[in-house]
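The values are calculated or read from the model by the stated rules, or taken from the named source; none is laboratory data. Since the model is a prediction, treat every value here as computed from it, not as a measurement. With ideal geometry, Cβ positions are generated from the backbone for all residues, glycine too; neighbour counts draw on all protein chains shown.
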Amino acid sequence: MKRLLVSWLWLLLFLSACGSAAETNLEGSDTLFHDEFVAGQTGSWVLEGDVAGRTSIVGEQLHIQVDAPATMQFATLSEPTFTDFVLEVDARQLAGDLQSSYGVLLRMQDAAHFYRFDITGDGLYTVERRNGDGSWTRFVEDWTGTAAINQGLSVVNRLRVEANGPTMRFYVNDTLLYQVTDGQYAGGTIALDAGTFGQAGLEVAFDNVVVQQP
């Protein structure tokens with residue numbers, strides 16, 4: 001599990017991991033990984049937590065809880081690593097401020113080098129790169145609104161990332177939101193994340209993760 005305290009400064013850092021799964025086309029030869037969070041059948045995830053936040057498997061879903069403001073926590077799949085792939089996951093905010101965010105980290109080199117695709121419960125999204133010096137490179141200039149995101153609590157949003165060479169495409173509910181070409185990170189691990197801004201009390205559930213060949 002990785003957790004970073006932010007105010008767009010990341011002051012605190014911990015590592016964790018969690019599991020993933022998918023419902024469609026899981027048995028195809030192009031499937032690289034899937035995980036439905038069924039007890040005894042999860043992938044290489046590590047579940048950890050403390051007073052600021054935690055990850056756990058509840059009811060065959062991966063839950064991320066964040067109990068501190070200005071905190072981002074993410075659960076990393078330690079293996080396998082992926083280069084070119086298509087990742088899909090169902091995400092559902094269960095509690096907390098709708099301005100909180102949740103989503104996917106990809107091509108992670110380590111806790112300081114990765115790409116991030118996040119949405120908020122009130123209909124915004126961002127795509128950015130975390131740099132080793134602690135800075136961010138934002139591909140989307142600011143958090144951007146879209147009608148494709150299902151807003152509110154306890155509603156499902158299906159996130160999709162297509163990574164093929166330096167080109168990455170980001171979708172929600174089958175709608176393409178953004179495409180970027182960036183060759184800084186060619187491959188790495190994946191993670192699921194959730195983060196707060198001014199308020200604590202965030203809980204997000206992830207389910208039906210599948211990673212396939214592009």
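Given the structure, is Val127 surrounded by 14 or more Cβ atoms within 10 Å (Cβ to Cβ), in contact with a strand residue (DSSP E or B) (Cβ under 6 Å, 6 or more places away or on another chain), free of Cβ contacts under 8 Å to residues at least 60 places away in the same chain and assigned to a loop (DSSP other than H, G, I, E, B)?
Considered against the rule, which asks whether it is surrounded by 14 or more Cβ atoms within 10 Å (Cβ to Cβ), in contact with a strand residue (DSSP E or B) (Cβ under 6 Å, 6 or more places away or on another chain), free of Cβ contacts under 8 Å to residues at least 60 places away in the same chain and assigned to a loop (DSSP other than H, G, I, E, B), Val127 comes out as no.
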(request) Scan (1) closer than 30 Å to Asn164 by Cα; (2) out of contact with any Lys or Arg (no Cβ under 9 Å at 6 or more places or on another chain); (3) not acidic (Asp, Glu); (4) not in a strand (DSSP E or B) for the single condition Ser78 breaks and write down its number. (result) (4)
(request) Quick one: in region 81-92, of everything that is in a strand (DSSP E or B) and of a type in the set (Asp, Glu), which residue is surrounded by the most Cβ atoms within 10 Å (Cβ to Cβ)? (result) Glu88
(message) Quick check on Thr144: is it touching a residue at least 12 places away in the same chain (Cβ under 8 Å) and buried (at least 21 other Cβ atoms within 10 Å of the Cβ)?
(response) no
(message) So if I check each of Asp207, Asp182, which one is at pLDDT 95 or above and loosely packed, with under 15 Cβ neighbours inside 10 Å?
(response) Asp182
(request) Kindly list the number of the only condition in (1) in a strand (DSSP E or B); (2) farther than 18 Å from Gly188 by Cβ that fails for Met108. (result) (2)
(message) Quick check on Gln73: is it outside any loop (DSSP other than H, G, I, E, B), at pLDDT 95 or above and touching a Lys or Arg at 6+ places or on another chain (Cβ under 7 Å)?
(response) no
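Test Glu128 against the criterion of being within 16 Å of Arg158 (Cα to Cα) and in contact with a Lys or Arg (Cβ under 8 Å, 6 or more places away or on another chain), and give yes or no.
no
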